[in-house]
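One structure is given here, and the rest of the page talks about it.
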Amino acid sequence: MPCRLYLLTPPALPDLPGFAKTFATTLDAGDVACVQLRLKDVSDDEVRRACDVLRPLAQERGVAFLMNDRPDLARDTGCDGVHVGQEDVSYAAARKIVGDDAIVGVTCHDSRHLAMTSGEAGADYVAFGAFYPTATKVAKTAAEPEILSWWSELFTVPCVAIGGITVDNAQPLIDAGADFVAVCGGVWDHPQGPAAAVAAFNRLFAA
């Protein structure tokens, strides 16, 4: 299976209606496997509003829509699942909240132990990173592409590479065996626009 794009929303959406138009155009520019709504330092109501606007745009295109950190909000807003970090709700608690049919992905940083534990518990994917410096958040760990190779050779649970990934630096992660690359600024801040970034990522995957 070729690598696929896992899109993270910008951490702030001050112009939600305007962003929704850009978001739809971006999803139409090429294959996107899923979108994670990852807003920082906003109220639950703002998260819900963003979800109500963006989730249908993703789901009607066959793109899974995940909530960051909050399985309760994921369940209540009709998301397809949730992504949890090591400081968030545990995998088991998240699974109990969202149910057996929802997607639950887990941040595993650069830890083989965390990844194996999460995979054995039933996580739908494990996320490794940060592979590159990222402006989105302060990365707690730095990961090397080798961990993707190790994981993909031994386990069937998909792995996601995250952290500062752009069209220009994604190739080593694709080559190492990432099933998905999670991208935020590398799409939204692309000099030719986010739609061009999605198209460019898909050309990388196809090659």
Protection proxy ranking of 175-181, 71-77, 9-15 - average other beta-carbon atoms within 10 Å, highest first: 175-181, 71-77, 9-15
Roughly how many nanometres apart are two label points built 7 Å out from the Cα toward the Cβ at Asp28 and Ala92? 4.7
Signed unit charges on C-beta, dipole axis of the range 4-206, positive-most listed residue Phe155, Ala139, Thr77: Thr77
Any chance you could get the radius of gyration and Dmax over the Cα atoms of the range 40-171, in Å? 15.1, 42
Subtracting the Cα-Cα distance from 0.36 nm times the residue separation, let me have the gained length for Thr156 to Asp189 in nm, one decimal. 8.6 nm
Using Cα springs under 10 Å in a Gaussian network model of the chain, which residue among Leu57, Leu66, Leu154 shows the largest mean-square fluctuation? Leu154
Mind ranking 112-119, 94-101 by how tightly packed they are, going by the mean number of other C-beta atoms within 10 angstrom, highest first? 112-119, 94-101
Taking the Cα centre of each part, how many Å lie between the range 157-188 and the range 22-53? 19
Over the range 4-206, calculate the relative contact order: mean separation of alpha carbon pairs under 8 Å at least 6 apart, over the residue count, as a percent. 20
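We did not get these values from a lab; they are worked out from the coordinates using the rules stated. As the structure is a prediction and not an experimental result, all values here were calculated from the model. Note: ideal-geometry Cβ built from the backbone for every residue, glycine included; neighbour counts use all protein chains shown.
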